[in-house]
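The values are calculated or read from the model by the stated rules, or taken from the named source; none is laboratory data. From a predicted model like this one, the values you see are computed outputs, not experimental measurements. Neighbour counts are summed over all protein chains in view; Cβ atoms, including those assigned to glycine, are modelled from backbone coordinates with ideal geometry. Just so you know, the surface numbers come from the protein's heavy atoms only, side chains and all, with ligands and any DNA or RNA stripped out. Shrake-Rupley method; radii C 1.70, N 1.55, O 1.52, S 1.80 Å.
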Amino acid sequence: MVLIDSFPAVTKCTSIGREKNTVVADMDGTLLVGRSSFPYFGLIAFEAGGVLRLLFLLLSSPLAGLLYYFVSESAGIQVLIFATFAGMKVSEIESVARAVLPKFYSSDVHPESWRVFSSCGKRCVLTANPRIMVEAFLKDYLGADLVLGTEISTYKGRATGFVTRPGVLVGDNKANALRKTFGDSKPEIGLGDRHTDAAFMSLCQEGYLVPKATRVKAVTNDKLPKPIIFHDGRLVQKPTPLMALLIILWIPIGFILACLRIAAGSLLPMPIVYYAFLALGVRVTVKGNPPPPPQKSTGQTGVLFVCSHRTLLDPIFLSTALGRPIAAVTYSVSRLSEIISPIKTVALSRDRATDASMIKKLLEEGDLAICPEGTTCREPFLLRFSALFAELTDQIVPVAMVNKMSMFHGTTARGWKGMDPFYFFMNPSAAYEVTFLSKLPSELTCGSGKSSHEVANYIQRVIASTLSYECTNFTRKDKYKALAGNDGTVVQKPKIKADKIMGC
């Protein structure tokens, strides 16, 4: 039997001239800094199954730990798989694996393992994790050519919670999978981190041990082949067992707190909402000099506030910062959000002429907020700005919006949008920063001969510079194709008369 300690450390592996080599690497503790897969099972449990599924997984984890240490690694992993996947739709597992897990996996990539893995021309990952759970990240973001993982059993589109033959891919099962895939040819490099990896590492020409991480700083996102721009899911932090317990205990309290915060924003006069939010733990920071309201007696039209888009609450916090309600245009807003909103908004029809006429009319009535990205983006990027707004007025004030959440994201592409405001306000601490930039100079407007695209691109760059964000050409369709498998188009329903609806 080959001992894992007999292999040299990965730091001794050269990464020069490996373009024609094949590397085979384990995942947890090898390609990833973290050795525990519980947080990633926890993400699938919560995002695809809800808080009760996460509770079931958490209660099962002590049994998984006992089996892992006193019976076998395989037995412990099977408990986690059953607790997470039993009865769950395969399509939901695939959706979470594609839209949620890459964000967390990418922040945990081991620098030394990545140095070697990325230098090789052919990359294979051999892991005990279910293949359905890790393949999307490994292929799309780490450039893996082949992923060999545990195969889960399914029935009529749902996971049974069990695994198919030969079982969980650990120890000899890993070695057998390697032999079956590569035959008599030996991969040049094998990377592993625990004693059960020694079996497959001994089948490679060179084997290297990835020592247990001690203060290892993960690879930064910009060093990976593909940056994380779009991601979904409600959880801000990786659900370790302790964090999972805190989330489960906090949700009932957080929901009551969210209701109080929403009631304060909806029922109180806008001039005092700022102080109500502050008293309830929501900080609103205002920077810059907001313009005064238009003087209707002089025939002055309203100002168009062009905002970066972080959550559907952007117009609410813009109004909070101004101390007066500002109308907003929206798209794809739930009926519940319409009911609880404190501001007036009008839904876009996606018909250019109709929307232009509607926006002009709203500006004649007063100030208006618009988010020309058309959808939210969580990362430090700005999506492409739709240029229609620039054609309709020269009275434009760019507004840089940024928010901070400690536990839950207030946006979703896959879930029910009606819960978006609740999840944002369920955060133990939440903050919004609203920065009013200088009014667009007349020489940079369409009225002075600039094209609408030039104006939109200029404002995008100004806001990005203020926030230290990066401009992109990605659109709403790109986001929804990446996260939800559709183009984000909402089927138009019969119009409902309403005076107050939530912002986009």
Helix 452-467 axis, angle to the chain major axis (alpha carbon atoms, nearest 10°): 60 degrees
Computed [θ] at 222 nm, deg cm²/dmol, the chain (DSSP H ≥ 4; -39,500 (n - 2.57); rounded to nearest 500): -11000 deg cm²/dmol
So which of Lys139/Lys238; Lys103/Lys361; Lys174/Lys481; Lys89/Lys174; Lys174/Lys404 end up more than 32 Å apart, counting from Cα to Cα? Lys103/Lys361; Lys174/Lys481; Lys174/Lys404
Extension length gain for Lys360 and Leu63 (0.36 nm per residue less Cα distance), in nm, is 100.6 nm
Rounded to the nearest 0.05, what FRET efficiency is calculated for Val71 and Leu280 with R0 set to 51 Å and r the Cβ-Cβ distance? 0.55
How long is the gain from Leu146 to Ile248 if the chain were fully straight, where each residue apart is worth 0.36 nm and the alpha carbon distance is subtracted? 33.1 nm
Expressed as a whole number of Å, what is the distance separating the alpha-carbon centroids of region 103-164 and region 431-476? 40 Å
For region 234-369, the dipole about the Cα centre with charges only on Cβ (Lys and Arg +1, Asp and Glu -1), to the nearest 20 debye, works out at 260 debye
Using a cut-off of 18 Å between alpha-carbon atoms, which aspartates and glutamates can reach Lys287, once sequence neighbours fewer than 8 places away in the same chain are excluded? Asp314, Glu433
With all protein chains modelled, accessible area of Thr84 [1.4 Å, Å²]: 0 Å²
Between Leu260 and Glu379, what FRET efficiency follows from the Cβ-Cβ distance if R0 is 30 Å, with the result rounded to 0.05? 0.50
What is the dipole size for the chain, taken about its Cα centre, with +1 at each Lys and Arg Cβ and -1 at each Asp and Glu Cβ, in debye to the nearest 20? 560 debye
Measure nothing fancy, just the Cα-based angle from helix 90-99's long axis to the longest principal axis of the chain, in degrees from 0 to 90, nearest 10. 70 degrees
With all protein chains modelled, accessible area of His231 [1.4 Å, Å²]: 20 Å²
PRE reach from Arg165 (point 7 Å along Cα→Cβ): which of region 69-110 fall under 20 Å by backbone N? 74-75, 78
If a paramagnetic tag sat 7 Å from the Cα of Gln205 along the Cα-Cβ line, which residues of region 3-24 would have the backbone N under 20 Å from that point? 7-24
Taking a ≥ b ≥ c as the square roots of the Cα gyration tensor eigenvalues, with a/c under 1.5 meaning rounded and otherwise prolate when a/b beats b/c or oblate if not, region 61-120 comes out oblate
Chain lengthening between Arg115 and Ala353 when straightened (0.36 nm per residue, less Cα-Cα): 80.4 nm
Can you compute the charge dipole magnitude of region 1-157 about its Cα centre, using +1 on each Lys and Arg Cβ and -1 on each Asp and Glu Cβ, nothing else charged? Give it in debye, rounded to the nearest 20. 220 debye
Leaving out ligands and nucleic acids, and using a 1.4 Å probe, what accessible area per residue does the chain come to in Å²? 45 Å²
Solvent-accessible area, 1.4 Å probe, carbon plus sulfur percent, for region 50-145: 60 percent
For the charge dipole of the chain, defined by +1 on Lys and Arg C-beta atoms and -1 on Asp and Glu C-beta atoms about the Cα centroid, which residue among Ser452, Leu368, Gln78 has the Cα displaced farthest towards the positive pole? Leu368
Phi angles of region 306-318, converted by Karplus (6.51 cos²θ - 1.76 cosθ + 1.60, θ = phi - 60°) into ³J(HN,Hα) in whole Hz with x for Gly and Pro, give 9, 10, 5, 10, 10, 9, 5, 8, 3, x, 5, 6, 5
Relative to the longest principal Cα axis of the chain, at what angle does helix 73-85 sit, 0 to 90 degrees, rounded to 10? 30 degrees
